Amino acid sequence: MSHQSGIIATEELASFLADSKDGNIRFIKVSIREGKTSGTFDFRRIKEKTPCYIFYRLDRKSNIGYEWLFISYSPDNSLVRQKMLYASTRYTVKRIFGDNHIKQELFGTVPEDVSLAGFHKHLESANAPPPLTMAEVEAQEIKKNEVGVEVGIDTKQSSMKSVFFPFNPDAMDKIQEFKDGNINYLHLGVDTGNEKITLENTDNISIAQLSSMVPIAHASYHLFNYKHIYEDNEVESTIFIYAVPVSKSSIKEKMLYSTCKTPVIQTIEEQFKICIARKLETDDASELTEEYIMSEIHPVKAEQKKTFAKPQGPNARRGQRRITKT
């Protein structure tokens, strides 16, 4: 709690404030003079460089009478001592007037802040939702884009949540080569200007090289055929990776890659009959290690708990229980 200045109201002001709530007074200006607060009722007497308090009667009523707006006016170019004095006397002035009558509070440093327009801006700000984080803004934009996406003439829209961009011929050719086993890796991208799925790169790589193939500055799609040994058998698993660096990719880029992802996967699976064993999404390429890929393709199975075998009861041939004398 801030320290109070100890300044008191003049008897005239205290009496007036007590009687000012009958609806006949609209505006009250309170100033500090010679260690005491005093009041005036002329709005034009507000001085641009001099702090003051303002009580303004609103048209709304509560069960105790009219509601009031309390304004603390403290210009930036006023004397430091004055600003400190008004700040430390603010609570006292409100208490003398009656806190329960004050519905709204406003702070201003220029006359425009305490005008009607300034009050309306204050209300708009008070009623506005809290600001969103950057991640929330991006998620909101992506969701909005998925609900209704603007598409071009050459674009086929399969659903409200996906957008089909046609594949460039070279991309189609290399996907076929991937299926035939001539290459084990390809990198696809989205050409936003021409609304096409493009081929960015192809290669034959090892699992250790996979993370280095993923761009760190923009979103991308990757197809990788992972040949490995699992339970003493040679296995081939095709992996689709959607990489989207959070801090580098623009909102528009994220929206496009998000809405094109499902159609790209459908084209690979349905048109080329390539079985994708695992579809991964990452914002950090460094996590695409062999250990991580293996754990995604071959999840560790939970061991079944062994139940305790209850011993069998006595053999039936032992006969019925006998009552014995002890």
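So here's what we get for this one:
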quantity: Extended-chain gain in nm, criterion 0.36 nm per residue less alpha-carbon gap, Glu281 and Ala217; calculated: 21.5 nm
quantity: Förster radius 51 Å - calculated FRET efficiency between Lys252 and Lys103 (Cβ-Cβ, nearest 0.05); calculated: 0.70
quantity: Cα-centre dipole for region 8-127 with unit charges at Cβ (Lys and Arg positive, Asp and Glu negative), debye to 20; calculated: 140 debye
quantity: Sequence-separation-based contact order of region 164-274, relative, with Cα cut under 8 Å and 6+ spacing, percent; calculated: 24 percent
quantity: Difference of contour (0.36 nm per residue) and Cα-Cα distance, Gln176 to Ser88; calculated: 23.9 nm
quantity: Compactness of region 8-127 as Cα Rg over 2.2 N^0.38 Å, two decimals; calculated: 1.02
quantity: Pairs from Lys248/Lys301; Lys279/Lys301; Lys94/Lys121; Lys29/Lys121 whose Cα-Cα separation, in the structure shown, is over 28 Å; calculated: Lys248/Lys301
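Since every read-out is calculated from the coordinates, none of them should be taken as a lab result. Source: prediction; values computed, not measured. Positions of Cβ are backbone-derived with ideal geometry, glycine not excepted, and every protein chain shown enters the neighbour counts.
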